[in-house]
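Report on the structure given below.
Only the coordinates and a few stated rules stand behind these numbers; no lab work does. Just so it is clear, the model here is predicted, and its values are computed rather than measured. Cβ: placed from backbone, ideal geometry, glycine included. Neighbour counts: every protein chain shown.
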Amino acid sequence: MGAFISCVAASCAGQLPQPGFTEVAYTTAADPVKAEPAKAEPMGAEKVVTYNKDIAPIIYQNCSSCHRAGEVAPFTLLSYADAKKRAKQIALVTENRVMPPWKADEGAEKFADAHLLSMDEIARIRQWAATGAPEGNKADLPPAPKFAQGWQNGEPDAVFQPTEAYNLAAEGDDVYRCYVIPTDYTQDRYVSAMEVRPGNRAVVHHVIAYLDTSGKAREKDAADPGPGYTSFGGIGVTPAGSLGGWAPGLVPRLAAAGEGILLPKGSDIVLQVHYHKSGKPETDLTKIGVYFTKGAVDKRIRSMMVLNPLLRIPAGDANYTTSAQRTVRDDITVLSVTPHMHLLGKDMEVSAKLPDGDEKKLVHINDWDFNWQMIYGLKKPMKLPAGSQVNLTARYDNSTDNVLNPTNPPRTVTWGEQTTDEMCIAFLFYTVDSEHLTKGETAVKENGGIGGGALAGVSPALRQMAVRLFDKDGDGKLNEEERQAALDWWRKNGTPAAPNN
Amino acid sequence: MSSFYKRFFVLTALILNVGGFAHSAPLPFKTTVTDIAGKTLRLPQPAHKATVLVFLAHDCPISNAYAPEITRIATDYAKHGVSVVLAYAESDFDAAGARKHARAYGYKMPAVLDDKYKLSHTVGATVTPEAVVYSPTGTLLYRGRIDNRFANYGKKRAQPSQRDLRAALDAIVAGRPVPTPTTTAVGCFIPEKAN
């Protein structure tokens, strides 16, 4: 999600179409019908937990989509032999909630692609492993899950890939490689879905497809030897948008009819691939398939950010808390929410306070993991009337007890793109209820794409303070230069008596 | 039994349990195996100052990620008379698969297939990757992690802050006692029974 971020850090307001500049393909209109997980029976002491009856349904539902041949997981979980061999491992990682990788505290009742085990399911796995992982009665085994091979939505309308494969070393830091792929379309187009096909699933961890219309990504590519260029947080240039992304477990879905993501004419797709190194030299050639909208597009899928770029996490602070707010200007429909922090992040809660005082929870991540940058797609899109306030609260651990802390001894950490910097953002993907492109009615109010620039996500009080201190030309608002000065000052000096920090 | 005697027994057990290993390796460890190249291999290697058994699994991403460091340790300590032997602790695997994996990951040292987990269970290895170090006479000198890069599953330090296997080998090579003879390895469990 870094490019949205680079935009924030670079204070790129005014360079982008309004409102909103970033879109995502993961909408939630059509969730494939999934088998309901087996209802838990009360566990009596005498009950024997078997693979066929109790464990296979849990594994089929929550593990097999990634743990199968050709997918991202390192081994398969499709048979009794697969599961028995790893019974103890499975019991431990489910108990710790390391697997399945689902970090929100709510599951399938709310989100698409949710893989959240119930306490009862975890207990059943634990009991099964502890009692010798029995197979049970063959007749109890449910039918094996069926997975579509290849493209999940059929043959795409267009496939894009880098011109050559990338060679990755056996070990070392993770690599964020950006491949610049021209589209050469002479007209704007709308995208319904994008699907990523990782070339080498042993090393591809997650992928984001950004859009660049400035030509600057091409320059970076030309300046860096080998295919693409390396850039950690964002793509190092201000993006014109995004087609979405992929992380293990996320299923690409077509947007609802009449909705799409703008692919501006002449855009370059900048495919940022996050690689883990595997222990041996590897080669990757990842490609994406694009599905254009069918029929007229009535609404653009847009994004807003709720963020606090003024965070300042003291060295050694194991529980730094910060927050951000943003008021919605139109009646909107939220499709998904994507929290983003780096390695010090502990938890994040995003909720909305409606004008009538009603509180709606969007997502709560209580065990943030940088490795699982999930897009939490709402099964039932959430309506937020104009005037609703979206609130974000996040906590960080910048002590030595945080084993992921990349800086030892810890130092004060502020906003930035490097692994050693931090971020505090929730991206919301939404449509504007009043927008009807088919009737020529375009949403014009600013709902927080990037219109307010780097300070857009901060509280009104803090923004007023910024204007008071940094409005050099006296026009009552901050231009890009002034905003950058404010941001730099705050990052360096911290926020004085900040109501938002 | 009176509490005095209970205490006496516990105390005796502690004294006899030198280094904490007596319960799992009461006798000197000594075996002869055929490696994946078909050669006969004596474990521990009698002509080496120490033999390091490194347990791994071809589909365990944590043990795979350690391949370059395992090779570096083998190279760095070979000149000090330390031998590194790989042990594939896998029931659904064969010597051909192990040879292919070893080639892909650049392993040059001898490797054995522990498909019944006999070796793992004998020496007390419970996860991959885990290192078990023996003297030439079969005395257990170290058992545990290679380093602390992985604090837990998915929790990987940017750099390890403790390189326990290297510290153990440094001590052995220098003729000093191993500072921490047991550590807990993080990785993929070796099953307690063969399938």
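Once whole DSSP H runs in chain B are found, which of them have Cα atoms spread over 30 Å or more along the helix axis and a mean Kyte-Doolittle score of at least 1.6?
Passing helices, by number: none.
Between A:Asp105 and A:Arg468, what length comes free when the chain is fully extended (0.36 nm per residue of separation minus the Cα-Cα distance, one decimal in nm)?
Stretched out fully, the A:Asp105 to A:Arg468 stretch lengthens by 126.6 nm.
Two decimals is fine: what's Rg over Rh for region A:368-411, C-alpha atoms, Kirkwood radius as Rh?
Here Rg/Rh amounts to 1.17.
Quick one, what does Rg over Rh come out to for region B:121-195 if you take C-alpha atoms and the Kirkwood Rh?
That ratio equals 1.01.
Across 5 Å bins from 0, what is the distribution of all Cα-Cα pair distances for region A:158-298, in whole percents?
All Cα pairs, binned at 5 Å, distribute as 2, 10, 20, 22, 20, 13, 7, 3, 1, 0 percent.
Modelled label-to-label distance, B:Thr34 and A:Lys439, 7 Å Cα→beta-carbon offset: nm?
Calculated label separation equals 8.1 nm.
Run the Debye formula on the Cα coordinates of region A:237-310, all scatterers equal and no solvent, and tell me log10 I(q)/I(0) at q = 0.17 1/Å.
-0.92
I'd like the antiparallel share, as a percent to the nearest 5, of DSSP beta bridges with both residues in chain B.
60 percent
Take the alpha carbon atoms of region B:97-124, find their center, do the same for region A:110-147, and report the distance between the two centers in whole angstrom.
Result: 31 Å between the Cα centres.
What do you get for GluC sites (Glu not before Pro) in region A:170-272 restricted to DSSP loop and a cutoff of at most 11 other Cβ within 10 Å of the site's Cβ?
For GluC sites (Glu not before Pro) across region A:170-272 that sit outside H, G, I, E and B with at most 11 neighbouring Cβ atoms in 10 Å, the list is empty.
With charges only on Cβ, +1 for K and R and -1 for D and E, what is the dipole size of region B:27-189 about its Cα centre, in debye, rounded to 20?
My answer is approximately 400 debye.
Where the eigenvalues come from the Cα gyration tensor of region B:27-189, what are the semi-axes √(5λ) of the equivalent ellipsoid, largest first, in whole Å?
21, 20, 14
Go from 0 up to the bin containing the longest alpha carbon distance in region A:301-493, width 5 Å each, and give me the % of pairs per bin.
Using 5 Å bins, I get a P(r) of 1, 8, 15, 18, 18, 15, 13, 7, 3, 1, 0, 0 for region A:301-493.
Among the listed pairs A:Lys265/A:Lys299; A:Lys280/B:Lys100; A:Lys360/A:Lys380; A:Lys110/A:Lys287, give every one whose C-alpha distance is greater than 21 Å.
In this structure, A:Lys110/A:Lys287 lie more than 21 Å apart at Cα.
Please quote Rg/Rh for region A:51-135 to two decimal places, taking the Kirkwood radius as Rh and restricting both calculations to Cα atoms.
0.94
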